[in-house]
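**Q** One structure, as C-alpha cells, below. Some questions next.
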Amino acid sequence: MESQKEARTFQEPVARPPGTSRSQTPNDKERREGGAVPAATALGAEADDDSADGLWELPVEPAERRPECTRCSRPQKVCLCPFLPAHPLHISTHLYIIQHPAEVQLKTSISSQYVIRMQPTNRCLSTLECAAVALSILEKNNYIQETLLRPLQALCSFQLQHGAQIRLSKEHLLKNGLYPKPMPKNKRKLRKMELLMNSVKI
C-alpha cells in the first residue's frame, strides 16, 4: 500500500504558475526572461571579454602628421606662402569687417573667384574679395586687389585638384532650372528664392 501511494504521489502533476504552457519548465522561462544563462553561453562571453582585454595590450603606433609649413601652418604640399606678398602691404586705410546675416553685395562687374563655395547670387563676393575690392578703390591701387586675391585663387586651385567641384550661384541654378533641392515651404525663404530668380537685390 505504501509503495502504491508513493507511486501515485510521484505521478501527480506539478502546479504551474498561470500563463505557462504544459511543456514549459521554470528553467525555460527563466532563460527567456533573462534569468539563468546556460553555462556554455557564459563561458563564451568570458572568452570574448578576455580577447577584448588583450587588445589594450597591443602596441599603438603614433599617428604620422604631414609636414607643415612653419609660416602658414598648412601642409607643405598645399602651402600658400608662395602666393602671399613678400612684404606686408602699406595702406593708409583702417579696415573694419562687420558681417550682416544677409551679407554684403557690391555694385561691381567682378565675379567671385571663390568658386568652391556656392554664393546666393552672381554678385556676391567673399569677405576677402570685398576687402580687396574696397581697399583697391580707397587706395586707388589695383595691385592691392591682385595681391590679396592670389592666395584665394591658389586655395581654390588646390581644392579642385583634390576632388572639389566648381559651385555655381543659387541665382544661376534657379534661373536655369538646375537647382537640385525642392523649393522651400517657408514663405520667407520662398520669397528669397523668387527674388533671386528675378535678379532682385535681397
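The values are calculated or read from the model by the stated rules, or taken from the named source; none is laboratory data. Since this is a predicted model, take the numbers as computed values, not measurements. Don't worry about glycine lacking a Cβ; one is built from the backbone with ideal geometry, like all the others, and counts go over all protein chains shown. Surface accessibility is based on the protein's heavy atoms, side chains included, excluding ligands, DNA and RNA. Shrake-Rupley method; radii C 1.70, N 1.55, O 1.52, S 1.80 Å.
**Q** For the stretch 155-167, what are the residues that are in contact with a Leu (Cβ under 8 Å, 6 or more places away or on another chain) and either open to solvent by 80 Å² or more (accessible area, probe 1.4 Å) or at pLDDT 95 or above (or both)?
**A** Residues of the stretch 155-167 in contact with a Leu (Cβ under 8 Å, 6 or more places away or on another chain): 155, 166.
ILE166 - this is the single residue of the stretch 155-167 that is in contact with a Leu (Cβ under 8 Å, 6 or more places away or on another chain) and either open to solvent by 80 Å² or more (accessible area, probe 1.4 Å) or at pLDDT 95 or above (or both).
**Q** If I go through the stretch 179-190 residue by residue, how many of them are in a loop (DSSP other than H, G, I, E, B), open to solvent by less than 100 Å² (accessible area, probe 1.4 Å) and not aromatic (Phe, Trp, Tyr)?
**A** In the first step, residues of the stretch 179-190 are kept if they are in a loop (DSSP other than H, G, I, E, B); the result is 179-186.
Checking the rest, the ones that are also open to solvent by less than 100 Å² (accessible area, probe 1.4 Å) come to 179, 183-184, 186.
Next, only the ones that are not aromatic (Phe, Trp, Tyr) stay: 183-184, 186.
Going through the stretch 179-190 one residue at a time, the tally reaches 3.
Yes/no matrix, rows are residues, columns are (1) under 30 Å from PRO75 (Cβ atoms); (2) among the basic types (Lys, Arg); (3) modelled with pLDDT of 90 or more; (4) open to solvent by 40 Å² or more (accessible area, probe 1.4 Å):
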| position | (1), (2), (3), (4) |
| --- | --- |
| MET118 | yes, no, no, yes |
| ILE137 | no, no, yes, yes |
| GLU146 | yes, no, yes, yes |
| ARG150 | yes, yes, yes, yes |
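**Q** Hey, could you check the stretch 95-111 for residues that are open to solvent by 60 Å² or more (accessible area, probe 1.4 Å) and of a type in the set (Ser, Thr, Tyr) and say which is modelled with the highest pLDDT?
**A** So the residue we want is TYR96.
**Q** May I pose another question? Would you check which residues across the stretch 120-132 are open to solvent by less than 10 Å² (accessible area, probe 1.4 Å) and assigned to a helix (DSSP H, G or I) and list them?
**A** GLU129, ALA132
**Q** Assess whether TYR114 counts as being of a type in the set (Phe, Trp, Tyr), buried (at least 17 other Cβ atoms within 10 Å of the Cβ) and at pLDDT 90 or above. It would help to see each step written out before you state the result.
**A** Details: of a type in the set (Phe, Trp, Tyr): yes; buried (at least 17 other Cβ atoms within 10 Å of the Cβ): yes; at pLDDT 90 or above: yes.
So TYR114 passes the test.
**Q** Taking the stated definitions as given, is ARG150 among the basic types (Lys, Arg), closer than 17 Å to SER111 by Cβ and not in a helix (DSSP H, G or I)? Steps first, answer last, please.
**A** On the way: among the basic types (Lys, Arg): yes; closer than 17 Å to SER111 by Cβ: yes; not in a helix (DSSP H, G or I): no.
Against the criterion (among the basic types (Lys, Arg), closer than 17 Å to SER111 by Cβ and not in a helix (DSSP H, G or I)), ARG150 does not qualify.
**Q** Quick test for you: out of SER92, SER73, pick the one residue that is of a type in the set (S, T, N, Q), open to solvent by 50 Å² or more (accessible area, probe 1.4 Å) and modelled with pLDDT of 90 or more. Steps first, please.
**A** Values: SER73 fails: modelled with pLDDT of 90 or more.
Within the list SER92, SER73, the selection yields SER92.
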